[in-house]
Amino acid sequence: SSFIARREAVVSTQSTGKEAAEEDRRLNTAGQAAVNKLGLLKAVVNQLKKQDLHSSFIECGILPVLAEWLSPLPDNSLPHLMIRTQVLETLGTFRQINTEMLRESKLGRVVMGLYKNTKERFNNREMARKLIHNWARPIFGLDSDYSAMSKEEREKADQLHMLKSRRKRRKMEEEPEGDKPGDKNFILRARVPKPSNTDYVNRPRSKIDDDVIVKRHKQKDTKFDKLNQMMANKKKLSNPNSLRSSSVCITGNKMPL
């Protein structure tokens, strides 16, 4: 029963989102305010935040609906800022999106359009850039983006890499080695160097205290510091030598020292 209820919630979210987008396009064409998507935004985003339903949402066809929500209206105006911001943030939590889905739903083209649009806010363009970057990584065969990972996620990735390198090392140790110097069939020639199997997993601990740096940046000048600065400025202005201009003398006589 719970599965059926969750499935109905997914289908309802997809259908109501699609109807709201179509109604907004009709209202915009008629010269009226398109507010249907904005009214449903909170309810739709709350459903899309449930990561255990992401695969169901994708199967149900939510990506074309989100592409429609982000697309410009018939008068070429962008959707409401809250719609663009929250939909882009929600898309960043989807992990099952691949190239074929982006092509069929036209979502990749729409997000790229927001990234290139100079009228879009900087934060939204940055989110669109990160989405495009993450979506393009499998195309170029790149590994995970460590800059976007948390500390715990990086540690897990390091441990996984260490396990893979250990398996590779065991496999190499099991393989028979070639002839060594002094053996009968040894031939003196250049050898291809083997890669190091050392695992660099334990990161060195930082000696810099972040709290101290933050406190120094946030620390403001006290009244005593401001008073000392004011007195030093007055002393400079009261010194006649600091204001007196020196006359040029070819012989070097009568020059103020």
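The values are calculated or read from the model by the stated rules, or taken from the named source; none is laboratory data. Because the structure is a prediction, the values reported are computed rather than measured. Don't worry about glycine lacking a Cβ; one is built from the backbone with ideal geometry, like all the others, and counts go over all protein chains shown. The accessibility values were calculated without ligands, DNA or RNA, using every heavy atom of the protein model including side chains. Shrake-Rupley method; radii C 1.70, N 1.55, O 1.52, S 1.80 Å.
Every test in (1) closer than 21 Å to residue 105 by Cβ; (2) open to solvent by less than 80 Å² (accessible area, probe 1.4 Å) is passed by residue 28 save one, and that test is (1). For the stretch 1-25, filtered to residues that are aliphatic (A, V, I, L, M) and loosely packed, with under 13 Cβ neighbours inside 10 Å, the residue that is nearest to residue 77 (Cα to Cα) is 5. Only one of the listed residues (106, 116, 42) is among the charged types (D, E, K, R) and surrounded by 14 or more Cβ atoms within 10 Å (Cβ to Cβ). That residue is 106.
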